[in-house]
Structures are given as C-alpha cells and as structure tokens.
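The values are calculated or read from the model by the stated rules, or taken from the named source; none is laboratory data. Here the structure is a predicted model, which is why all the values come from computation and not from measurement. When we count neighbours, we look across all protein chains shown, and the Cβ atoms used for this are built from the backbone with ideal geometry, even at glycine. Quick note on the areas: whole protein, heavy atoms, side chains included, nothing else; ligands and nucleic acids left out. Shrake-Rupley method; radii C 1.70, N 1.55, O 1.52, S 1.80 Å.
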Amino acid sequence: MNQERDDLVATYLGLQGFAVVAVVHEHHPRRGRVKVVRIERRSGQHECSECGRRHASILFTEPEPIWLRDCSVGDLETYLEVQPVRVACCGGTRVERLPFAMPGFRMTRRFFERLAALCTRLPVSAVATMATLSWETVARIDMRAIELGLGDRTAALTDLRWIAVDEVSRTGGRQYFTIVTDLATGRVVWIGDGKGRRGLLPFLRALRAKGRRRLRGVVSDLGYLTIIVARLPHAVHILDRFHIVQWVNRALDELRRRLFSAAPRDALGSTLKVKKWLLLSARENLEHKHKLLLNDLMEQNLPLYRGYLLKEQLRAILRHPWKYFGVLRERLQEWILAVFDAVLPEFKKVADRLAKHLDSVIAGHQHDVPLGLAESRNSQIAALRFQARGYRDPEYFKLKILQRCGLPHNPWARIVL
Ligand SMILES: [Zn+2]
C-alpha cells in the first residue's frame, strides 16, 4: 500500500523509477524557504553517465546528496534531493545518470526546457528575474538550448547551391558579422566575425573544395566581390537589389543635405532638414497627404526633384519582372545616362558602380533566386539586437541569430507550462 502510494506521488511528479521518500520545507541561506523533494531510485539498475550501460551492483553511494532545481510545486522554489551512486564502468568509477537531470546544470531537464522556451520569447534579464537566477546562468541555459537545437551544421555546408552574403552590424556601430544564408531554405548557415574578406574567408574554407565547386551563385554587396571572384571563380555573382536601393537612397540623402546647407533658413530649408524619411520612403508606401507634401517640396527645388525621380525610376526598373534581359540592360543604361545629364555628383557614384557591375545586376533577374531576403533578415537581426540591448558576448548573439534565422523550427516552442 505504501509502495503504491509512493509510486503514485512519483508518477504525479514525473519521476518514474524513483520513490519520493520525503517532502520537507527547508531554509536555504540564500534562497529562503524552499521545498525539497527527497527521492530514491526504485529499481536496482544504475546507468553509467558516460556510456549508458546498466549496472546492478554499485561501488558506493555519494556521501553528499545533490540538489537539482525543479519546476516549482506549490508556491515555493522546489529542489529534488537525490544521492547518486557510483558504478564501475568505462575504465574507472562513474557517477550514475539521473534521467531527469540536465547534464552540466544543477537542474532538472524540464526546468531547463521551460527556461529555454521562455528565452525564445523574452529577454534573458526578464527570465532571470522570473526564475530568481543570475543573468549568466540563464544566458548559459539559452546558449546550450540553442546549440542542442542546431546540432551539427557543418555537414550541410556541402549541399549549398545559392547563397546570400551580407554584413550586419553587431553592436549597431562599427563591429560586424558576415551572415551567410542558404537561398533554398532562407536559413542562416554561417556567421563570421568582421566583414568583407575577413568575414567570409573562414566560411569558404569550411566549405572545402567540394562545397566551393558545388556553389552556383552568391548574392552580395560589392564589399564581398573581390574575394568571391578570387575564390569562387565559376559562381555567378548577383548584386542585391536591396543594396543598390541603399546606394541610391544614400545619394539622395547626400543631395538633400547639400541642398539644405545651401538653402535659406526658411520654410523650404526646414522642410529639407526634417523630411529625410519622406524622400527615402518607397513612394507607393506613402499616405496621400505625405505625397502632397512631397510634391510641394519637389516644386520648390528642381535638383531635388531630379534626384527623387532618379531614385524612383531605378527602383521601378529593379522591381520590374523582366523577361527580356536585353531590355533591362537598355533601361539601366538609359538610367546611367540620365544621371550624367542631371549633373548630380551624388548620383554619379551610383551610376559609375552600376555601369561597372551591370552584369551582376542583371544576373539577379536571370536566375530565380529570392532577392529581398537580405532586407527582411536585416530587420530581424536589428530587432534581436534591440531586444538584447547588444549582447555582451558576440558568440551568444551569433547563437541568437542562428536560433531566429537558422532553425527549421523552434524545438522549444511547445514546452508545456
Ligand atoms: Zn560506462
């Protein structure tokens, strides 16, 4: 009868194979009143923690019991207290494996998993407060959970065909990561430190000759072009539309600033100062009243109007689903000539670059690769950075990016609360 009752309690607590021998409240020097569930192994078999082999005989029982933090039962922090045994195995003495314990952490697996699940939705600091754990401990849990979810990723590198390479700011400032995305799945497959050659070289090495040979094309900005041409001579290079629109937006903003510093401090001057977003927004996304305001601004300033038209024209060319690439080439060349006619030095740089890399721009339309991916990923990463207020540990930030943009599914998404 007693044994039946003990089993019932153990089943209720999810500790099959163990018997609950006592539940006591204790005063912990740092954590205050806590609940301690003392358990003992029911069956005679003990698993080696290293190889998993089962042993009926034991060498000795550990002199001190261990405490494992568990999900709270009732309204107190709860700990499982267990005295593990040592077995003779793997050429020495090994401590037994406790099926509910999370290796490397003084907590149960289910407690670990719940914290890991919370970390996918909340900042580490919030989870740490909820669990009354340190920021460092929760961060370590989160990192381990992501590593477990990711598994071994180097094996998949040889299957890559089309990739996007992009730099993202690590801190919001001048420190960068190089992010490699598999365009077939949209998943981030590699994160390198730094940008340009330094950021990409370790990835190209990890690919090995076989992976490099199989790679058919790379979408990237110009910063990666030299190394791509040198190391992947047979791969198609595609200039991302997103980056070209960035160039032209930057040119328009430089023009705005030049005109502003020359403008009298009247209505037009102040409008030029504050309406940067108005100029740089995609026109189709503007509200009607903002379009009217933009029209006003344009009427007052011809060079700005010309610059704005050039930006919108280039965007329209790049967005059009071209079937005849000869026509696309013509349109781009016409745009380049229009820039020279407009005598806007800010745009001339863009036109020069486009003229030099025309094939890479057109390649983006010739091959069926999802452009615009960099844009959405950059905003995802910026949101992560904001959420974390800049991760102190770059490796941790990398794992967070991989978790958000690299996992096929979130393994911690369906944790029972
Ligand atoms: Zn063993």
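Remarks
- Being touching a residue at least 12 places away in the same chain (Cβ under 8 Å), within 21 Å of GLN403 (Cα to Cα) and open to solvent by 70 Å² or more (accessible area, probe 1.4 Å) is not true of THR178.
- Members of the stretch 77-112 found to be of a type in the set (A, V, I, L, M) and either loosely packed, with under 13 Cβ neighbours inside 10 Å or within 16 Å of the ligand (Cβ to nearest atom) (or both), listed by number: VAL85, VAL87, ALA88, VAL95, LEU98
- Of the helices (runs of 4 or more DSSP H) lying entirely inside the stretch 266-371, those containing at least 1 residues that are at pLDDT below 90, in contact with a strand residue (DSSP E or B) (Cβ under 8 Å, 6 or more places away or on another chain) and under 25 Å from GLY223 (Cβ atoms) are 358-366.
- Residue list for the stretch 47-57, filter: more than 8 Å from the ligand (Cβ to nearest atom) and surrounded by fewer than 16 Cβ atoms within 10 Å (Cβ to Cβ): ARG54, ALA56, SER57
- Residues that are open to solvent by 20 Å² or more (accessible area, probe 1.4 Å) and of a type outside the set (A, V, I, L, M, F, W, C) were ranked within the stretch 238-255; the one that is modelled with the lowest pLDDT is ARG241.
- Scanning the stretch 212-237 for residues that are of a type in the set (Val, Ile, Thr) and open to solvent by 70 Å² or more (accessible area, probe 1.4 Å) turns up THR226, VAL229.
- Restricting attention to the stretch 183-196 and to residues that are farther than 12 Å from LEU402 by Cβ and buried (at least 16 other Cβ atoms within 10 Å of the Cβ), the residue that is farthest from the chain's Cα centre (by Cα) turns out to be GLY196.
- Residues of the stretch 60-76 include none that is modelled with pLDDT of 90 or more, within 30 Å of GLN403 (Cα to Cα) and within 16 Å of the ligand (Cβ to nearest atom).
- Across the stretch 13-46, the qualifying residues are those that are at pLDDT below 90, charged (D, E, K, R) and under 39 Å from the mean Cα position of the chain (by Cα), and the one among them that is surrounded by the most Cβ atoms within 10 Å (Cβ to Cβ) is ARG31.
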